[in-house]
Amino acid sequence: MIAVTTISPRDFDAVLFDLDGVLTKTASVHASAWKKLFDSFLETRTTHAGETFVPFDIANDYGIEVYETSIALVRKLRVQGIKTAVVFSSVNYAAVLNSASISMTTYSM
């Protein structure tokens, strides 16, 4: 049996959503680790090959997916007048939000 929870403006002033693992299917720690690894590898490789070094881009190279049902819930809550916020601990939050097409203006911080 699935439990149903009602979120009403009568009962809640705001709802907080964690970015990693709730709105997006990635952990920022993984993305940062990949960046560190790939930047080091790519810089060494391009230096030896005489090519231009292009750093690993988390937003474009990591491919962040969103949990569509979570995004739909955020939108529904906002339509009902319930404030929402995205919380995160990643220094790469802007790249993650951008890659996942989550607008900072849509999801108040």
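What is the distance in Å between the Cα centres of segment 55-95 and segment 1-33?
9
What ranking, highest mean first, results for peptides 66-75, 9-18 when packing means the other Cβ atoms within 10 Å averaged over each residue?
Values: 66-75: 14.3, 9-18: 11.1.
Output ranking for 66-75, 9-18: 66-75, 9-18.
Starting from the Cα of ASN60, step 7 Å along the direction of its Cβ; do the same at LYS76; then give the gap between the two resulting points in nm.
3.6
What net charge do the residues around VAL96 carry, taking every other residue with its C-beta under 13 Å from that of VAL96, with Lys and Arg at +1 and Asp and Glu at -1? Don't skip to the answer; put the middle values down first.
Details: positive: LYS25, LYS35; negative: ASP18, ASP20, ASP57, ASP61, GLU65.
Once all neighbours under 13 Å are counted, the net charge is -3.
Using a basic spin-label model with each label point 7 Å from the Cα along Cα→Cβ, how many nm lie between THR46 and ASP11?
Label at THR46, label at ASP11, 5.3 nm between them.
Angle, helix 68-79 long axis vs. longest principal axis of the chain, Cα atoms, 0 to 90°, nearest 10?
That helix lies at roughly 50 degrees to the long axis.
When the convex hull of the Cα atoms of the chain is projected onto a plane and the area is averaged over all directions, what value comes out in nm²?
Convex hull of Cα atoms, orientation-averaged projection: 8.6 nm².
Each reported figure results from applying straightforward, stated rules to the coordinates on display, with no laboratory input. Because the structure is predicted, anything quoted here is derived from the model rather than measured. All Cβ positions, glycine included, derive from the backbone under ideal geometry; neighbour counts span all protein chains shown.
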